[in-house]
Amino acid sequence: MYFVSINYTASLDGLRGYAVLSVILFHCGILYWGWLGVQLFFALSGFLITLSLFSGKEKSFKLYLKNFYVRRALRIFPLYFLFL
């Protein structure tokens, strides 16, 4: 059985920042290839979610899903309600 330990890596946050910046610059007409930032951002997010899934392998899947959606709700709903 494989167990993956997740350590915080600041460089991945920097890479996501460059991806977002490239999309913004693409919409401003400064970068032609800025659309690649979307693919990079989603690939990186999928990688981090997969690592999170493998790290929680010793816990039950039901408990993992509950924690996953609670974390997402706490991250998304405040901005959602502020927008409304």
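Tabulated values for the structure
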quantity: Scope segment 44-84; condition outside any helix (DSSP H, G or I) and either free of Cβ contacts under 8 Å to residues at least 24 places away in the same chain or small (Gly, Ala, Ser) (or both); matching residues; calculated: Gly56, Lys59, Ser60, Leu84
quantity: Residue list for segment 28-43, filter: over 13 Å from the mean Cα position of the chain (by Cα) and either of a type in the set (Val, Ile, Thr) or part of a loop (DSSP other than H, G, I, E, B) (or both); calculated: Cys28, Gly29, Ile30, Leu31, Tyr32, Trp33, Gly34, Trp35
quantity: Hey, Ala73 modelled with pLDDT of 85 or more, within 19 Å of Gly14 (Cβ to Cβ) and out of contact with any Lys or Arg (no Cβ under 9 Å at 6 or more places or on another chain) or not; calculated: no
quantity: Evaluation of Trp33 against (1) surrounded by 11 or more Cβ atoms within 10 Å (Cβ to Cβ); (2) hydrophobic (A, V, I, L, M, F, W, C); (3) under 24 Å from Ser11 (Cα atoms) (one fails), failing number; calculated: (1)
quantity: Any hit, segment 9-27, residues being assigned to a loop (DSSP other than H, G, I, E, B), more than 20 Å from Arg72 (Cβ to Cβ), within 15 Å of the chain's Cα centre (by Cα) and at pLDDT below 85; calculated: yes
quantity: Residue match in segment 56-64 (condition: surrounded by 15 or more Cβ atoms within 10 Å (Cβ to Cβ) and more than 20 Å from the chain's Cα centre (by Cα)); calculated: no
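The values are calculated or read from the model by the stated rules, or taken from the named source; none is laboratory data. Treat the numbers as computed from the prediction; the structure is a model and nothing was measured. Glycine gets a Cβ as well: all are built from the backbone with ideal geometry, and neighbour counts include every protein chain shown.
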